[in-house]
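Peer 1: Please read through the structure below; I'll follow up with questions.
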Amino acid sequence: HREVSYSIHRDTQYCFLPDWYTLSTRRQLYERDFPLYKQPVEVGCFSLDSERKFYNDDRQLRYYVEPEKSPHFKLSDGYPERYMRRNEGVKEGIDHILRWILANRSKLEVSHAAATGSSPACDLGVDFITWRGHLTKLLTTPYETREGWMLAVTRLQGTLYMSEVETETARWDRETRSERHKQMMYWGYKFEQYTCAAEPGGRPDESGVVNTNEAFCTVVRTRLAAHRLLFSGEVDCRDRDPQAPPAPACYLELKTSAEICTPKQRSNFHRYKLLKWWAQSFLPGVPRIIAGFRDDDGVVVSVETYQTSKISQLIKNEYNCWKPTVCMNFCSDFLSFARSVVREDNPRVVYLFSWEPHREVSYSIHRDTQYCFLPDWYVSEITH
Ligand code: A3P
Ligand code: MG
Ligand code: MG
């Protein structure tokens with residue numbers, strides 16, 4: 001004879017999520033039907049210049065120039081004298097995405113309101129805002145045996161913001177990188193320089209400086225099962241043909257990898273590398289991956305194109321190989337887990353999710369600590 005009502009209780013005996021409320025990463029648990037994953041739609045983009053300054057436009061977008069089949073690109077050329085490396089010690093969190101949201105807020109709110117018929121004020125119409133790279137790590141978690149992760153999550157006006165926290169191990173690895181490893185990191189960017197032009201009709205300029213501060217990022221909206229996602233990811237280049245389909249279908253991912261000479265190397269490439277490549281490009285709907293295969297001296301000896309949608313077929317013959325459905329179901333279940341844990345809507349509260357290989361995902365709660373990542377300029381503007 002009554003209606004359903006509710007009241008809110010903080011830190012009381014009603015709390016029912018125990019410390020041991022964790023999420024398993026065992027693969028078998030995620031071998032279900034492939035979850036709904038809506039075609040990602042590009043809602044905007046932004047650029048970062050050589051000083052990591054933000055621009056609400058595509059000025060850093062580059063155009064793919066197809067190389068010959070066996071090009072002999074020397075990837076060590078220009079190292080280290082024409083290399084400007086981004087300072088990875090500077091933690092930007094998700095600030096660039098937040099800047100993009102503020103610059104495009106009216107557009108976002110209106111497109112959401114049009115789609116749902118709801119009132120536009122203060123509703124971005126998404127459940128999660130994050131970097132594509134963070135989602136890539138979630139997708140590959142059931143198969144990862146080496147590197148753990150930490151994700152900080154904060155709820156603000158019903159939306160969950162996710163930003164990575166560098167693990168102690170990752171920091172140690174970054175600060176003790178060998179000279180060889182540093183040079184090999186350069187190779188990937190140098191390959192981009194050999195295959196991209198700044199203008200649609202232009203030529204690559206291999207005599208220029210490789211500056212890893214510069215970036216072009218797409219912002220896409222999509223849905224994974226019940227979760228409405230808005231994320232941004234760096235895009236290497238696009239098809240130079242102006243008739244190419246609209247973004248993200250015209251985008252290309254560039255990769256380098258050691259040349260494959262033995263069946264064992266091929267198997268490792270399928271099992272480990274293609275998993276990461278697939279996860280990274282599948283999420284934003286980037287349909288093609290251009291791979292430059294290089295020798296031990298960093299000379300590209302062949303170039304191949306992979307269709308992102310065909311990668312899962314390509315690996316099917318590997319014994320006990322990774323499965324896209326496991327990746328997507330795990331990600332979807334992690335997002336559900338996060339939504340059930342992250343209840344308090346407060347920019348000063350961080351729920352820190354941690355995972356180490358061979359463990360379950362666990363979390364801890366932090367109030368007013370160094371883990372807080374939503375800047376005041378964003379919170380005051382968005383809650384205005
Ligand atoms: P490769 O992709 O050829 O390895 P992305 O491919 O995501 O566009 O990244 C461009 C390049 O950045 C990579 O080229 C690699 O050189 C470097 N890079 C990216 N992530 C890295 C990581 N976790 N460790 C080392 N190098 C990385
Ligand atoms: Mg890139
Ligand atoms: Mg790349």
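Peer 1: For the subset of region 247-284 comprising residues that are in contact with a strand residue (DSSP E or B) (Cβ under 6 Å, 6 or more places away or on another chain) and part of a loop (DSSP other than H, G, I, E, B), which member is farthest from P324 (Cα to Cα)?
Peer 2: E259
Peer 1: Quick test of your reading of the structure: S332 fulfils all but one of (1) within 16 Å of ligand 2 (Cβ to nearest atom); (2) more than 24 Å from L75 (Cα to Cα); (3) of a type in the set (S, T, N, Q). Name the failing condition by number.
Peer 2: Of the numbered conditions (1) within 16 Å of ligand 2 (Cβ to nearest atom); (2) more than 24 Å from L75 (Cα to Cα); (3) of a type in the set (S, T, N, Q), the odd one out for S332 is (1).
Peer 1: If a residue has to be under 26 Å from the mean Cα position of the chain (by Cα), within 16 Å of ligand 3 (Cβ to nearest atom) and not small (G, A, S) to count, how many in region 173-211 make the cut?
Peer 2: 14
Peer 1: Within region 189-217, track down each residue that is within 30 Å of K38 (Cβ to Cβ) and in contact with a Phe, Trp or Tyr (Cβ under 7 Å, 6 or more places away or on another chain).
Peer 2: Within region 189-217, C196, P200, C217 qualify.
Peer 1: Which pairs do you get when a residue that is of a type in the set (G, A, S), found in region 149-166, comes within reach of a residue that is assigned to a loop (DSSP other than H, G, I, E, B), reach meaning Cβ atoms under 7 angstrom, with the pair 6+ apart or on two chains?
Peer 2: Once the first residue is of a type in the set (G, A, S) and sits in region 149-166, its partners that are assigned to a loop (DSSP other than H, G, I, E, B) give A152/Y371; A152/F373; S163/G93; S163/I94; S163/F373.
Peer 1: Can I ask one more? Just one of the numbered conditions (1) closer than 30 Å to G158 by Cβ; (2) assigned to a helix (DSSP H, G or I) is not true of Q183; which one?
Peer 2: Failed condition: (1).
Peer 1: Evaluate the following for S309: is it touching a Phe, Trp or Tyr at 6+ places or on another chain (Cβ under 9 Å), over 22 Å from M184 (Cβ atoms) and polar (S, T, N, Q)?
Peer 2: Yes: the conditions hold for S309.
Peer 1: Which condition does V110 not pass, out of (1) modelled with pLDDT of 95 or more; (2) under 18 Å from V43 (Cα atoms), if it passes all the others?
Peer 2: (1)
Peer 1: Within region 62-85, does at least one residue satisfy the condition of being within 28 Å of C331 (Cβ to Cβ), in a loop (DSSP other than H, G, I, E, B) and at pLDDT 95 or above?
Peer 2: no
Peer 1: Please state which of the following conditions A244 fails to meet, knowing it meets all the rest: (1) within 13 Å of ligand 1 (Cβ to nearest atom); (2) over 21 Å from T140 (Cβ atoms); (3) aliphatic (A, V, I, L, M); (4) more than 17 Å from the chain's Cα centre (by Cα).
Peer 2: The single condition A244 does not satisfy is (1).
Peer 1: Could you please find all residues in region 1-27 being loosely packed, with under 10 Cβ neighbours inside 10 Å, within 27 Å of Y351 (Cα to Cα) and not acidic (D, E)?
Peer 2: Passing the criteria: Y6, S7, I8, H9, R10, T12, Q13, Y14, F16, P18, W20.
Peer 1: Can you pull out every residue in region 266-290 that is closer than 28 Å to L98 by Cβ and away from ligand 1 (no atom under 15 Å from the Cβ)?
Peer 2: Correct list: G285 only.
Peer 1: Would you be able to say whether some residue in region 257-265 is surrounded by 20 or more Cβ atoms within 10 Å (Cβ to Cβ) and either within 12 Å of ligand 1 (Cβ to nearest atom) or under 20 Å from Q39 (Cα atoms) (or both)?
Peer 2: no
Peer 1: Same structure again: Out of all the residues in region 73-90, is one or more surrounded by 13 or more Cβ atoms within 10 Å (Cβ to Cβ) and within 25 Å of A225 (Cα to Cα)?
Peer 2: no
Peer 1: Still on this structure, I have one more. Restricting attention to region 32-49, which residues are in a loop (DSSP other than H, G, I, E, B) and more than 19 Å from W100 (Cβ to Cβ)?
Peer 2: Correct list: R32, D33, F34, P35, L36, K38, Q39.
Peer 1: Say we look at region 195-246 and pick out the residues that are surrounded by 22 or more Cβ atoms within 10 Å (Cβ to Cβ) and outside any strand (DSSP E or B); which of these is nearest to ligand 2 (Cβ to nearest atom)?
Peer 2: D236
Peer 1: Of all residues in region 28-48, how many are exposed (fewer than 14 other Cβ atoms within 10 Å of the Cβ) and not aliphatic (A, V, I, L, M)?
Peer 2: 7
The values are calculated or read from the model by the stated rules, or taken from the named source; none is laboratory data. Note that the coordinates shown come from a computational prediction; the quantities given were computed from them, not determined experimentally. In this analysis, Cβ positions are derived from the backbone assuming ideal geometry, glycine residues included, and neighbour counts consider all displayed protein chains.
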